[in-house]
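For reference, the structure discussed in these notes is given below.
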Amino acid sequence: MEQNFDSCKARSQRTANGPCLRERRMFRLLLQSNANYFGTAADDLLPVKIPICCNSYYEEISCVAWDQEAHLMAAMVTLHQPEGYAAGTRLTRAPEHLRFYISLNGGREWQDQGSASVEVENAPCNGDRHYAVSLEPLLSAEELQGAEVMLRVILAWEDIPPPDNPEWKPVFGDVHEVVFSTSSAPDSGEREPLLAAGLSGEHGGAMLAVVRLTQHDLESRHYRHLSFWLEREGGDRLDCCLGSVALSHERAEQLFNLPLDLLDCRWACAEIGTSLGVRLVLSAAPLREGAELAENDNTLRMTKACLTIPPLVTAGAGQIALVGGRSAREIHVAELRLDELEDGEIIVQGVPMPDHDYIVEVSDDGLKWRPLLSSFTVMDRQGNRIRHSPDSHSGQFRYLPRERNVLGILARWDAPEPGKWLVRLRVYMQGVLLPESDCVVVRVGEKIARQMTEAAKEDSGSMAPAVPRDLVLGSLFPGVGLINI
């Protein structure tokens, strides 16, 4: 049995499972004003303003898997829209949180097995995009052996599911439930075959694949190899192999974590977040490159996955790493093009230089430079927010250590005119300008400039509180991890 939790199916009776764009963009602000704004808080004394529960218009759990031998749980997250995954109009990324529960007595009692997160972002895409997380259960293999295991997974966008609360429902997200048998005997009930994959790992450096074989597949040993191929638009050949693995002929459900070398893919997409189509193929024998894919080929079992490739960040201390979420360090790219951003500000990010100060400047001609002196919000490793402002006398910002500014935010840039711009970072040590300055060429498109100008007018003319500038763009620093707000 694998199904969405029944209570989540009732979401259409409470609120249409539609975009809810205002609530999505102002999610944190609305919850700060009223913890029960959407009707999902435990405190029912607070009034419900707009009831929303398990809205899966943007994201949902497409499947849950269990690899008994590897003692690993996994969940696939499917993103249905190309945008709407930023935590506000000025953001480009936000986390999807998943919490796993196990029941060994038919759902009467649930044991919390921990949580995992995956960072998703807006990206143009024709169709669904796929992410994946895996987690080792806290219960040992001995404790689970021979039992019928009910596994419940709660998915929540921008909201961490609380621990030890299996009945908690997300505002935006999904609840998925599945039953597994951990006995050594074959399953009495035949389960549908499954073949799926999603982007996983830190900075999207791996692909997690799930294979579920039928009892007939195991007995016939028909499918012995799983291979991953770059999906060419309209192509009917297997011409670029990303990797392959051999399947076990004894396990019906198997998980594979394949490291991906995405350097060429990142170059091909010109340092912006884009989508990579992957074809998953089950076969009896290894396939060679150039093999034809015939229609209705009964010797192969195939499916497709769409993965969002994040930008590659390789900046050093004192350099500009990202502008508007796009990598500034790709040497083969003459200029950064900002055409597909959401409305709002352009954020400049970089790696800090301890005990130094800096100024970020912009210019449209390389002669007259305008410093970006607007203050902005940064977050520390614990998710606490502070306002960062320039020195009132020098106009310089102080570099904050990584622990206090895990996103490496340097400046914010409001509503530039369309055209070619220069973004320059100047670094100071004890008030003395260092001789080397980092400069990036940025081309702002007509569309984004117009959107940013309209957003600025809307914010300035509104009597309602402005959308908080909570920036969840992804950490630049290995080891810091995702930001849990």
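The values are calculated or read from the model by the stated rules, or taken from the named source; none is laboratory data. Remember, predicted model here, so these are calculated numbers, not experimental data. Neighbour counts are summed over all protein chains in view; Cβ atoms, including those assigned to glycine, are modelled from backbone coordinates with ideal geometry. Note: accessible area is taken over every heavy atom of the protein model, side chains too, but ligands, DNA and RNA are not part of it. Shrake-Rupley method; radii C 1.70, N 1.55, O 1.52, S 1.80 Å.
Here the extension length gained between E335 and E250 equals 25.3 nm, from 0.36 nm per residue of separation less the Cα-Cα distance. Amide H contacts of R337 (H built 1.01 Å from N, in plane; Pro and chain starts excluded): R443 sit under 5 Å, all sequence-distant by 5 or more or on other chains. Ordering of 37-43, 205-211 by packing is 205-211, 37-43, highest average first (other Cβ atoms within 10 Å, averaged per residue).
Each peptide among 127-140, 246-259, 55-68 gets the average number of other Cβ atoms lying within 10 Å of its residues, and from highest to lowest they stand as 55-68, 127-140, 246-259. Protein-only accessible surface at a 1.4 angstrom probe places the residues W421, W157, W369 in the order W369, W421, W157, largest first.
Summing +1 for each Lys or Arg and -1 for each Asp or Glu among the other residues whose beta-carbon sits under 9 angstrom from that of F100 gives +1.
Close amide H partners of C63, meaning residues 5 or more places away or on another chain with modelled amide H under 5 Å apart, are M76.
Near W421: Cβ cut-off under 11 Å, other residues only, Lys/Arg at +1 and Asp/Glu at -1. The net charge is -1.
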